[in-house]
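Computed from the coordinates by the stated procedures, all read-outs in this text should not be read as laboratory data. All of these numbers come straight from a predicted model, not from anything done at the bench. Here the Cβ positions follow ideal geometry from the backbone for every residue, glycine too, while neighbour counts run over all protein chains shown.
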Amino acid sequence: MNKEQQRLDYLHTKIKSLPSLPGVYQYFNEDGKIIYIGKAKDLKKRVSSYFTKQHDYGKTKVLVKKITEIKHIVVDSEEDALLLENNLIKKYQPRYNILLKDDKSFPWIVVKNERFPRVFQTRNFIRDGSIYFGPYTSVGIVRALLDLFKQLYPLRTCKHVLSEDNINQGKFKVCLEYHIGNCKAPCINEYSEDLYNDHITAIKDILKGNVVSVIKFMKDKMMDYASKLEFENAEEVKQKIQILESHQSKSTIVNPKLTNLDVFSVIEDEKSGYANFMRVANGSVIQSHTIEFKKRLDENLQEILVSAISEMQSRLTILSREILVPFIPEIELKNSLFLVPKIGDKKKLLDLSERNVKYYRLDKLKQQSIVKKEPREERIVKVMQTDLRLKEPPRHIECFDNSNIQGTNPVAACVVFKNAKPSKKDYRHFNIKTVEGPNDFASMEEVIYRRYKRLLDEDLSLPQLIVIDGGKGQLGAAVKVLSQLDLIGKIAVIGIAKRLEEIFYPGDPIPLYLDKNSETLKIIQYLRNEAHRFGITFHRQKRSINFIKSDLENIPGIGQKTIEQLMTKFKSLNIIKETTIENLEEVLGKDKASKVYSWYHSDKNP
C-alpha cells in the first residue's frame, strides 16, 4: 500500500467517526500546521464532502491533497460554530481560509460600569459589565460624538473610585476640569448622582440612535424652566437641543417607522469579496461599515456573506432581530430573522447598502491604480540604492558641511532630505565647541559625534545614508566616530569631493564616478549645495553678530548685558547707530542710552 493510499484510508476512518452535530473542523498538513478551518451544521456530512465531491477549483484540489489530519470541536448550535470559526481563523490565519483584509482594532465608546460612569473611547472590549457602543469605522465619528457629549453634559474624566465612603472622607480635590467648567465635581459631592445618571441615560439613548426621545425630554425641561421664570437655565437647555438637532440632521434618515434593523450586501471580483453592513435605529442609519475579504479558495457570494455576518457578530456581540440580506444565507441565528426585501423602504435600504459596497470597491480599485503609478520620490530612492550600492533605499539622508572662512567662527551644518526632498524643519546648525583653529577633520568628528549620540540617546530614527562634503580625510573622520558609536554597518556613509564629483566609500581607495546626468548625482549635489548654503548663512550671521559685539565693546561703560539688550531689540549695528535717543532710553535707561548715542553721534567717533 503506497503512502497516498494510507493517507486517504486514515482520513476516511477519521471521517466515519465524526458526529453529525454542529461544530468546527480543522485540517492539518504533514508538518502539523493548520491549513484550513471550517464550520458545519453537520460535521460528518460537511467534511466527507471534501473527499467525495469532484472539485473544479485548483486550490481546493491542492488543499485536499495536503490534508493529513482532521480535528473537530463540537458546539451547541450552528451560530456558536460560526463565532468559533471566526475566532480560530483570526488566531491561526490558515493559508486556505478567506482572509479578512481590514482585521484591525476598531474604536468603541464605553460607558463604564462604575458610580458616576465615565464615557470615553477605547479599542479594548473588556467584559466587565460596562456598556460598549460600536465598533465605529472612523475615529472621527467617535471624537465628534464625545465632543457632543462634552458640550451637553459635564461628565467626569478622572479615574478616581468615587464610592460614598471615599467622597465622604474627603479623599479628593477638585481638578482643572472643574475650574474650567467641564465637570461639576462629583468627587466632592457637588454633583447630584440622580442628575448625573439622567445624563448617562440620555447619552446611551443618543448612542442607540434615540435622539428624538432625548430632544423631547429636554424640550419639556426647557419649558419647565421657562414656566418657573428660570430663563438662563432654559436658554442653556435650548442651546443643547440645537446641538442635538444638528447632530440628528447629519444622520441618514430613511423612515422613522423602521427601527432596529441590520442590513448586509455583498459583491465580488476575481480576487476579493466585499460586504457592507448598516445598522438602522429609529429611522436613521447610525452605522455603516464595509469589509473586504481576500479569496483563498474561490469563495462564492454565499460564503462571503456568511463570513461578513460572522465578523460583524463577533465585533458587535449581538445582531438585530431583523436582518435584511440580498439572499438567505446558509446559516441560522438564534435571535435573528433573515429577510430578502423586494419592495418598499426596506428594499431601498438594501439598495443603499449595495451602493455603499460598490463605491467602496471602486475606490479601492482607484487607489490601487494610483499606487501602481510609482511616485517619483520612490523611484529616485530606488535608483539611488542601485547606483550607490546600498542595502536599503535611502529615504532619509543627512549631509554635513564645515564652514570656517578665514579661520574664524567655525560652524557646521547638517541638512536632511526625506524621500529625495529637503526636510528643512530637520536642518541643524552646530557651533564648534571643542576644536581650536581651522581643523576640518576634528570639527567633523565633533559634529558627527554630537549629532548621532543625541539621536541614539533620544531613540530617534537614524538615516539610511550620510553624505560628507569632502574627500577621504573628512570621510575618515566621520567613519572613526561612527565606529565609536557602533553605527558602522547600520548606516551607509559616503564622501563627495568637489573637484571631480568623486564618490568615496570607507576603506575603498578607488572612487565611484556617477554619470553627470544621473538623478543620483543631482540629488547628492543638491544635498552638498544645500549644506554649503545653510552653513555659510549661519557663518555670516555669526560673524555679523561678533562684529556688532566687538564694535559695541569699544563704547566706554557698556558691558555684555547691555550689548545683548541692544542686539535683541535692534538686530543690526546700522539700526543702533540711526535710532533716536528716546528709543535707546526705552531699552537701556538714560545713562547708558546717552553713552551709546553720544558714541555714534559725536564728531570724534564713526
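Miscellaneous remarks
- Phi to ³J(HN,Hα) by Karplus 6.51 cos²θ - 1.76 cosθ + 1.60 over the stretch 79-95, Hz, x for Gly, Pro: 4, 5, 4, 4, 5, 5, 4, 4, 5, 5, 4, 5, 6, 9, 6, x, 4
- Relative contact order for the stretch 433-525: 23 percent, from Cα pairs under 8 Å spaced at least 6 residues apart, divided by residue count.
- Rounded to the nearest 5, the antiparallel percentage of DSSP beta bridges internal to the stretch 261-371 is 75%.
- Close amide-amide hydrogen proximity is noted between Asp298 and no other residue 5 or more places distant or on a separate chain, at a cut-off under 5 Å (H modeled in the peptide plane; Pro and chain starts excluded).
- Ranked Ser77, Ser288, criterion: other C-beta atoms within 10 Å, fewest first: Ser77, Ser288
- Among the trypsin sites (Lys or Arg not before Pro) in the stretch 501-538, those located in a DSSP loop and surrounded by at most 10 other Cβ atoms within 10 Å of their own Cβ are Lys516.
- For the stretch 24-75, the set of chymotrypsin sites (Phe, Trp or Tyr not before Pro) satisfying both a DSSP loop assignment and a count of at most 14 other C-beta atoms within 10 Å is given as Tyr57.
- Links that overshoot a 26 Å alpha carbon limit, given the list Lys59/Lys334; Lys61/Lys294; Lys33/Lys53: Lys59/Lys334
- Per-residue Cβ neighbour rank within 10 angstrom, fewest leading, Thr579, Thr52: Thr52, Thr579
- Total formal charge among the other residues, if their Cβ is under 14 angstrom from that of Arg156, Lys/Arg +1 and Asp/Glu -1: +3
- Computed FRET value (nearest 0.05) for Gln151 with Thr68, which takes r as the C-beta separation and R₀ as 56 Å: 0.35
- Here is the result for the stretch 56-85: no trypsin sites (Lys or Arg not before Pro) lie in DSSP coil with at most 13 other C-beta atoms within 10 angstrom of their C-beta.
- Gyration tensor (alpha-carbon) shape descriptor, the stretch 379-543, a/c threshold 1.5: rounded
- Measuring nothing but how far apart in sequence close Cα pairs (under 8 Å, 6+ apart) lie, relative to its length, the stretch 108-251 scores a relative contact order of 17 percent.
- Descending Cα extents along the principal axes, the stretch 553-601, whole Å: 19, 19, 18
- Global geometry of the stretch 108-251, whether rounded, prolate or oblate, following the gyration tensor of its Cα atoms and the 1.5 cut on a/c: oblate
- Look at Arg315, Arg361, Arg143 and count the other Cβ atoms within 10 Å of each Cβ; fewest to most, that gives Arg143, Arg315, Arg361.
- Here's the list of lysines a cross-link from Lys595 could span, going by alpha-carbon distance under 22 Å and ignoring same-chain residues fewer than 8 apart: Lys549, Lys561, Lys569, Lys571, Lys577, Lys604.
- Too-long pairs where the Cα-Cα distance tops 31 Å, listed order kept, from Lys238/Lys346; Lys16/Lys66; Lys39/Lys257; Lys424/Lys490; Lys45/Lys208; Lys382/Lys472: Lys238/Lys346; Lys39/Lys257; Lys45/Lys208
- The stretch 574-604 versus the stretch 344-363: alpha-carbon centroid distance in Å: 77
- Take every Cα pair under 8 Å whose residues are at least 6 apart in sequence, average their separation, divide by the length of the stretch 379-543, and the relative contact order is 26 percent.
- Here is the P(r) of the stretch 261-371: all C-alpha pair distances, binned every 5 Å from 0, give 2, 12, 23, 24, 20, 11, 5, 2, 0 in whole percents.
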